[in-house]
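Before any comments, here is the structure.
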2 protein chains.
Amino acid sequence: MKKQGADILKQSALSITASRKDILDIFLASSSALAHQDIELKCSDKFDRVTIYRTLQTFLDKGIIHSIPTTENAVKYALCKDECIVSGHHHDNHVHFLCDACGITICLEEVVVPQVKLPKGYSLKDINMVVNGTCKKCKA
Amino acid sequence: MKKQGADILKQSALSITASRKDILDIFLASSSALAHQDIELKCSDKFDRVTIYRTLQTFLDKGIIHSIPTTENAVKYALCKDECIVSGHHHDNHVHFLCDACGITICLEEVVVPQVKLPKGYSLKDINMVVNGTCKKCKA
DNA sequence: TGACATTTGCAACAAAGTTGCAATCTCCAT
DNA sequence: ATGGAGATTGCAACTTTGTTGCAAATGTCA
């Protein structure tokens with residue numbers, strides 16, 4: 001059986017409400033990362049804008065989704081895999097891809113972020129790697 | 001002699017105006033990347049908010065500055081080095097560092113972004129790498 | 001089922017970004 | 001050096017995005 005929004009909520013010890021379920025299902029049904037606006041367009045008829053903000057924030061806090069910064073000044077969100085949380089600390093280690101043609105953002109789960117060596121004095125906690133280019137569908 | 005804002009404008013074939021010079025000088029005097037707001041705080045008494053938006057956009061278009069996406073939903077800008085533009089195409093190849101403690105964002109010019117191999121079908125144009133951690137000054 | 005805590009929607013607000021237009025400034029040819 | 005064409009700026013009005021407080025509604029668990 002396919003994973004449902006409700007299952008994820010139980011796992012994270014969150015109360016199960018219509019908005020949370022629906023928003024999670026939108027993520028589960030999407031193959032790409034979503035901006036706040038994408039979600040708003042899909043369910044602003046059902047839920048208040050404020051609820052969407054708060055729900056996304058809750059999901060971030062619980063490590064259910066992670067945020068992907070993009071150069072276009074629009075943060076997008078995508079579901080985390082289970083392995084994403086290591087000993088209470090959220091940890092993404094895959095590369096994100098942003099298509100310049102269609103604007104889609106996706107997690108390349110199979111591409112691991114390479115390590116880098118920082119200059120003396122800097123301590124490293126997290127690496128974020130976003131690749132721009134053309135995706136499969138948009139390839140000329 | 002130190003490079004001045006006006007020199008950069010000439011190089012880029014932009015007309016020399018007070019706002020462009022001043023904003024470039026702010027970048028030249030700063031050792032870290034700046035958000036729109038940082039610039040606004042420094043010169044909103046002299047220039048209109050709209051002018052700052054338009055000036056930053058012009059600099060981006062001409063490849064004078066590059067934008068750095070951060071997880072906090074605040075794009076920052078930093079001056080490009082001359083080598084940044086290769087055959088008309090802007091090309092950053094260094095890592096950016098964002099300090100979780102003081103929030104400073106800097107270009108680590110000496111740390112080159114490692115290459116990654118994308119899955120079949122994807123074409124790569126640009127890579128953006130932002131490292132989070134603690135900077136020299138904030139180190140415990 | 002019922003009480004309690006959590007979540008939601010509403011309203012009002014604050015901040016960030018955009019657009020059109022008239023006034024001003026730059027640049028270049030004379 | 002000057003004048004005019006074209007680019008740039010400031011202003012005003014507006015849209016979009018994000019935040020906060022509070023009362024009503026909903027979910028959880030005994």
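Tabulated data
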{"quantity": "Shielding by partners - mean other protein chain Cβ count within 10 Å, residues of B:66-77", "calculated": "4"}
{"quantity": "Order by protection proxy (mean Cβ within 10 Å, highest first), peptides B:14-22, A:70-78, A:101-109", "calculated": "A:70-78, A:101-109, B:14-22"}
{"quantity": "Shortest-first nm distances, B:Pro119 label point to equivalent points in other copies (7 Å, Cα→Cβ)", "calculated": "3.7"}
{"quantity": "Environment charge at B:Ser19 (Cβ cut-off 10 Å; Lys +1, Arg +1, Asp -1, Glu -1)", "calculated": "+2"}
{"quantity": "Chain B, accessible area per residue, ligands and nucleic acids excluded (1.4 Å, Å²)", "calculated": "54"}
{"quantity": "Selection from A:Cys43, A:Asn128, A:Leu28, by position along the positive dipole direction of the stretch A:5-133 (Cβ)", "calculated": "A:Asn128"}
{"quantity": "Over 21 Å between alpha carbons, listed pairs A:Lys120/B:Lys42; A:Lys120/B:Lys137; A:Lys117/B:Lys137; A:Lys21/A:Lys81; B:Lys3/B:Lys137; A:Lys42/A:Lys136", "calculated": "A:Lys120/B:Lys42; B:Lys3/B:Lys137; A:Lys42/A:Lys136"}
{"quantity": "Förster radius 25 Å - calculated FRET efficiency between B:Lys137 and A:Gln57, Cβ distance, rounded to 0.05", "calculated": "0.25"}
{"quantity": "Protein accessible surface hidden between A and B, which excludes ligands and nucleic acids, total in Å², probe 1.4 Å", "calculated": "3100"}
{"quantity": "Per-bin percent of Cα-Cα distances, chain B [10 Å]", "calculated": "10, 38, 35, 15, 2, 0"}
{"quantity": "Label point 7 Å beyond Cα along the C-beta direction, distances from A:Asp100 to other copies (nm, shortest first)", "calculated": "3.3"}
{"quantity": "Built amide H within the under 5 Å cut-off of B:Cys80, gap 5+", "calculated": "B:Ile65, B:His66"}
{"quantity": "Residue-averaged beta-carbon neighbours from other chains (10 angstrom radius) around A:111-118", "calculated": "4"}
{"quantity": "Cβ charges +1 (Lys, Arg) and -1 (Asp, Glu), total dipole of the protein assembly as shown, debye", "calculated": "180"}
{"quantity": "Peptide-level mean, for A:99-105, of C-beta atoms on other protein chains within 10 Å", "calculated": "1"}
{"quantity": "Degrees between helix A:18-29 axis and first principal axis of chain A (Cα, 0 to 90, nearest 10)", "calculated": "40"}
{"quantity": "Cβ-vector label at 7 Å, A:Lys3, separations to other copies in nm", "calculated": "4.7"}
{"quantity": "Solvent-accessible area, 1.4 Å probe, carbon plus sulfur percent, for the stretch B:5-133", "calculated": "49"}
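The values are calculated or read from the model by the stated rules, or taken from the named source; none is laboratory data. Only a predicted model underlies this, so the values are computations on that prediction, with no experimental measurement involved. With ideal geometry, Cβ positions are generated from the backbone for all residues, glycine too; neighbour counts draw on all protein chains shown. The area values use the complete protein model at the heavy-atom level, side chains included, leaving out ligands, DNA and RNA. Shrake-Rupley method; radii C 1.70, N 1.55, O 1.52, S 1.80 Å.
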